[in-house]
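Step one of this worksheet: look at the structure below.
Readers should treat all values here as calculations from the given coordinates under stated rules, not as data from a laboratory. For clarity, every value in this text was computed on a predicted model and none was experimentally measured. Quick reminder, even Gly has a Cβ in these numbers, built from the backbone with ideal geometry, and neighbours come from all protein chains shown.
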Amino acid sequence: MNILFFLTPKNEVAYLFEDETLRQALEKMEFRKFSCIPILSRDGKYTGTISEGDLLWAMKRMSISDMKDAENVSIMTILRRATFKPVHVDSNIEDLLDRAINQNFVPVVDDKGSFIGIITRKVIIKYCYSEMKRLSALKGE
């Protein structure tokens, strides 16, 4: 099965550029109500994902309690707890499932490593559930 069927395209995904600040990350995550967000280079390459927890622990380590101070911290200096590995656009559903076990979304990249979108765990679970129901109906259960 073609994984592009599940894709939320880049133009519908919130992301950060690697030259943005801690404050910009906090504001974008708060506005969109996301707990994790992809990071891209200015030329569109996927460079990683940052989470609310990463931001929180960075603020604690740096003793940042004022949003003004957060304007001077690059998101690329923040340690990240997890590595959100992308899948290639030509990957199969098994690769996608393997990544989704430990990630709430899976970044998708093209042949050049450019970010083209994400596939959410929710979409994958919905697909698996519909397939279980379909197979159950075929068996007459």
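Numbers for the structure displayed
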read-out: Distance (nanometres) between label positions extended 7 Å along Cα→Cβ at Thr83 and Phe5; value: 3.1
read-out: Listed values (i) -0.33, -0.53, -0.84; (ii) -0.39, -0.66, -0.98; (iii) -0.23, -0.42, -0.76, entry calculated as log10 I(q)/I(0) by the Debye sum over Cα atoms at q = 0.09, 0.12, 0.16 Å⁻¹; value: (i)
read-out: Residues of the range 101-130 with amide N under 14 Å of a point placed 7 Å along Cα→Cβ from Ile93; value: 123-130
read-out: Residues Lys126 and Met76, FRET efficiency given R0 of 41 Å [Cβ-Cβ distance, rounded to 0.05]; value: 0.75
